[in-house]
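Asks: There's a structure below that I have some questions on.
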Amino acid sequence: MNAKWLIPHCLAGLTVGAVAKDEGSIEGTVQLPPPAVERALNQRYGANIEAPLTPSNPPAAVVYLEGNFTANAKTTSGAVAQMSQKNMLFAPDLIAVRTGGAVEFPNLDDTYHNVFSYSKAKRFDLGRYRKNEKPGTVVFDKPGVVTVHCEIHDRMRGTVLVLETPYFQKTDSTGHYRLDHLPLGHFTLKAWINEANVREHTVELKSGARLQLDFPAK
């Protein structure tokens, strides 16, 4: 085998291993609140469908890492998130995006919806639109909590959590989360359940660290 070919390829393999060691990961479980009870749908205007009892989305949380990150921090993928209107609910009713991220609000119901928000972090009103109509994409350019409503069905409510950090994940329905490829250093790990319920841990991520951190109920 040609020695000139062998040496650079061996060095490349060592470099990949070194990069992997200069990262950390955190995994754990957030103790979530119990599911909300079913509620009667209140329609502001008459519609061509009956107003059913609407089951809520299962509880979930967003876990994210806060701190001062280097210029080499993970970048946003550029993918557009979605919060649909389905069965008279926002589905999902909680999403997280990085500052500058975009969200679409497709209507999957056989009736009109009108998605809007008056939150300080983002004010918008998409107007009324039907199932086969595509409203504009909303760009969330400021960090904060954006509460989303339907002007026609006033019991519908969703939340867009706009974060400055690139390191975040929504839990599954059991509260489990896992964050990989994290930078090294001292940070704050937070679990956002709602505006009145945000839990946190101070963490130190060292080379190759694999931390287990749970968030019990307050």
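Asks: GluC sites (Glu not before Pro) within segment 66-148: which are DSSP loop residues with at most 15 other Cβ atoms inside 10 Å?
Replies: For GluC sites (Glu not before Pro) across segment 66-148 that sit outside H, G, I, E and B with at most 15 neighbouring Cβ atoms in 10 Å, the list reads E133.
Asks: Could you give me the ³J(HN,Hα) list for segment 145-156, computed from phi with Karplus coefficients 6.51, -1.76, 1.60 and θ = phi - 60°, whole Hz, x at Gly and Pro?
Replies: 9, 10, 8, 10, 10, 10, 5, 8, 10, 6, 8, 6
Asks: Multiplying the sequence separation of A102 and D125 by 0.36 nm and subtracting their Cα-Cα distance, what value in nm do you get?
Replies: Extra length available between A102 and D125 comes to 6.8 nm.
Asks: When only Cα pairs under 8 Å and 6 or more residues apart are kept, what is the percent relative contact order across segment 23-212? List each step's numbers first, then the result.
Replies: On the way: 453 pairs, mean separation 59.7, N = 190.
Worked out over segment 23-212, it gives 31 percent.
Asks: Would you mind checking which residues have amide H under 5 Å from K142's amide H? H placed 1.01 Å from N; only 5 or more apart, or other chain.
Replies: Hits under the 5 Å cutoff: G100.
Asks: How far, in nm, would the chain grow between V139 and H181 when pulled straight, counting 0.36 nm per residue and subtracting the alpha carbon separation?
Replies: Gain on stretching V139 to H181: 12.5 nm.
Asks: Could you list which residues have their amide H under 5 Å from that of Q82, counting only those 5 or more apart in sequence or on another chain, with H placed in the peptide plane?
Replies: Result for Q82 returns E104.
Asks: Return, ordered by residue number, the residues of segment 141-156 whose backbone nitrogen is under 16 Å from a label point located 7 Å along Cα→Cβ of V198.
Replies: Residues 142-147 fall inside that zone.
Any read-out appearing in this document is the output of simple, stated calculations on the displayed coordinates, not a laboratory observation. Note that this is a predicted model, so its numbers are computed, not measured. Because the Cβ atoms are built from the backbone with ideal geometry, glycine has one as well, and the counts that use them run over all protein chains shown.
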